[in-house]
Amino acid sequence: MDSNTMQGINPIISVNSLWKVFGKNPQTVLEEPYRNQTRADIQQELGSVVALRDVSFEVYPGETFVVMGLSGSGKSTLVRCLIGLIDTTSGEINVDGEDITNFDARNLREFRRTKMAMVFQNFGLLPHKNVLDNAAYGLEVKGINKEDRHSKAREMLDKVGLAGWENANQTELSGGMQQRVGLARALAVDPDILLMDEPFSGLDPLIRRQMREELSLLQTEIQKTIIFITHDLDEAITIGDRIAIMRDGEIIQIGTPKEIITEPANEFVREFTQGIPKTKVLDIEHVCTDPDVVFTPNDSHAVVRAKMDHAKTDYAIGVDPEAQYIGILSRDQLNTVLDSTVAIDSLIDPSILSVLPDTTLDEALSFLNDQNLPIPVVDDKNAFIGVATQPDLLKVVASDL
Ligand SMILES: Nc1ncnc2c1ncn2[C@@H]1O[C@H](COP(=O)(O)OP(=O)(O)OP(=O)(O)O)[C@@H](O)[C@H]1O
Ligand SMILES: [Mg+2]
């Protein structure tokens, strides 16, 4: 989801100027001169910890919003505030237009039963219950009868790949499987919003990657709004529609993975994101340029050759009068055919495939060819957009090394 598609859509979550201060007299921190002092100075002078400082952001329905930051930057505090587990010091948390910071205990309980569910890092399974009852637990709390909650829990266990494990105990499950039960339990209550605080960080790297991919797949099906906390960059860009980067309780930048990498708000973000391979995030559109020579099927060999000479280039892009892409013609190919009555569009190189503009550079690398020809980019209706030349592509790859 990019910023354009959000226009006209109401956010499901809107956080305005949220502060959370731990320690004595938290309100004092909101006053001058402390308000603008660094976290370290405030801690030294007042003994209070500014866990969240003037945090504002919006999350849209169906979006996966990732919050990323170093240890202690305030990520867990933020999700705990969002689900009403801890009091806020100041600011608003609007969910579906209602400010949950005003909710009483009863409202909050209802809110957590219906709107928002949390998947914890340590799975949070109940040891004396089997997999099925653990997955059904959220529904049991809601007062749903056994038959209905078991049926829903079975459906969710199936979704997360645990069909057949209903009667197993927690001790018989691997970490990844326990996390799946946690996910099934959160999904069973069918909340609009899922909060996930480093849900995969206790898992082996391989299982972790697998869970991440499964979540992405599952998300295309369930279309929940997900707030996902991580400090793993790879995880953030794989699953995040947008990423918020936190430092010392503040949000420093919010953007798509691409925006964060290509337009880092400051040196901190630049350094933070340095480990992300650009080729994984950037689309081929990023290196798309206009070709020097374009021909139509009616052009003669001589005209196209003259255009190539003039532009000092060795290829031309064929486009029909409706701007539909026809193919790419190399100078070599043009030179091998001496009979100028041969239709020029029959000389195009069929081995060069075109790609869509949202092809990542990583994917585009497999389209590179031995003839040194660029990769043509067309839209989903085959209208010509531009070309990505090999040097332009390889420059980005080299900058990753
Ligand atoms: N209950 C608390 N009492 C006092 N200080 C707290 C409390 N909870 C969190 N903090 C402080 O608030 C700051 C933010 O903590 P938080 O747990 O939100 O960080 P985090 O980004 O989730 O870190 P991690 O990546 O290690 O989980 C830290 O300095 C922490 O010490
Ligand atoms: Mg945390």
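Overview of results
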{"item": "Any chance residue 397 is surrounded by 14 or more Cβ atoms within 10 Å (Cβ to Cβ), at pLDDT 95 or above and outside any loop (DSSP other than H, G, I, E, B)", "result": "no"}
{"item": "Checklist (1) under 25 Å from the mean Cα position of the chain (by Cα); (2) away from ligand 2 (no atom under 16 Å from the Cβ); (3) acidic (Asp, Glu) applied to residue 148, failing item", "result": "(1)"}
{"item": "Boolean, residue 283 is of a type in the set (Asp, Glu) and out of contact with any strand residue (DSSP E or B) (no Cβ under 8 Å at 6 or more places or on another chain)", "result": "no"}
{"item": "Residues (surrounded by 18 or more Cβ atoms within 10 Å (Cβ to Cβ) and more than 11 Å from ligand 1 (Cβ to nearest atom)) located in region 65-91", "result": "65, 66, 82, 83, 84, 88, 89, 91"}
{"item": "Lone qualifier among 112, 106, 154 - being free of Cβ contacts under 8 Å to residues at least 60 places away in the same chain and more than 30 Å from the chain's Cα centre (by Cα)", "result": "106"}
{"item": "Selection from region 208-253 of residues that are within 15 Å of ligand 2 (Cβ to nearest atom) and assigned to a loop (DSSP other than H, G, I, E, B)", "result": "231, 232, 248, 249"}
{"item": "Residues (without any contact (Cβ under 8 Å) to a residue 40 or more places away in the chain and within 16 Å of ligand 2 (Cβ to nearest atom)) located in region 173-202", "result": "200"}
{"item": "Search result, residues across region 30-64 that are over 17 Å from residue 240 (Cα atoms), away from ligand 1 (no atom under 16 Å from the Cβ) and assigned to a strand (DSSP E or B)", "result": "56"}
{"item": "Pairs with Cβ under 6 Å, 6+ apart, first in region 76-92 and without any contact (Cβ under 8 Å) to a residue 24 or more places away in the chain, second within 8 Å of ligand 1 (Cβ to nearest atom) and not aromatic (Phe, Trp, Tyr)", "result": "80/86"}
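The values are calculated or read from the model by the stated rules, or taken from the named source; none is laboratory data. The shown structure was predicted, so the numbers you read here are calculated from the model rather than taken from an experiment. Neighbour counts are summed over all protein chains in view; Cβ atoms, including those assigned to glycine, are modelled from backbone coordinates with ideal geometry.
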